[in-house]
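Asks: Below you'll find the structure I mean.
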Amino acid sequence: MFVFTPTRRVKQWPATIKVASDGGKVDEVPISFDLVLLPLDDYMAKVAEGNHALFDAIMAGFEGIASPDGEALANTPENRAALYQHAPFTDALLHAYRAANTGEAARKN
């Protein structure tokens with residue numbers, strides 16, 4: 001039986017960051033997100049507030065991202081702001097959110 005909850009959380013949802021490299025190649029790096037799956041009206045309200053508000057509302061955390069020195073990147077407001085300026089990160093976040101919210105990944109397996 002489906003149990004309805006208006007706001008759902010999923011932890012360690014798999015995602016892939018696709019990063020351009022030399023020669024037209026793309027490196028695919030696995031990461032994961034802890035996501036907050038919002039009711040549609042709440043999601044649309046966050047969209048109207050702007051990208052940062054939306055990303056902060058849907059992303060509770062992340063794993064698999066390192067700083068230039070190789071240490072795990074901490075989930076801080078400063079690091080989030082920097083990641084939000086990186087298109088491969090935001091593409092991965094939005095794709096993961098849509099997949100988790102619609103069950104897309106579950107259908108593919």
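The values are calculated or read from the model by the stated rules, or taken from the named source; none is laboratory data. Keep in mind that this is a model prediction, so the values were computed, not measured. Cβ atoms come from the backbone with ideal geometry, glycine included; neighbour counts cover every protein chain shown. The accessibility values were calculated without ligands, DNA or RNA, using every heavy atom of the protein model including side chains. Shrake-Rupley method; radii C 1.70, N 1.55, O 1.52, S 1.80 Å.
Asks: For P39, state whether it is more than 25 Å from T5 (Cα to Cα) and at pLDDT below 95.
Replies: no
Asks: Would you mind finding the one in A53, A48 that is modelled with pLDDT of 95 or more, among the aliphatic types (A, V, I, L, M) and open to solvent by 80 Å² or more (accessible area, probe 1.4 Å)?
Replies: A48
Asks: Being more than 13 Å from N101 (Cα to Cα) and among the β-branched types (V, I, T) is the filter; apply it to segment 1-38 and report the residue that is most open to solvent (accessible area, probe 1.4 Å).
Replies: It comes out as V3.
Asks: Sticking with this one: List the strands (runs of 3 or more DSSP E) that sit entirely inside segment 1-104 and contain at least 1 residues that are touching a residue at least 40 places away in the same chain (Cβ under 8 Å) and touching a Pro at 6+ places or on another chain (Cβ under 9 Å).
Replies: Of the strands (runs of 3 or more DSSP E) lying wholly inside segment 1-104, those with at least 1 residues that are touching a residue at least 40 places away in the same chain (Cβ under 8 Å) and touching a Pro at 6+ places or on another chain (Cβ under 9 Å) span 8-21, 25-37.
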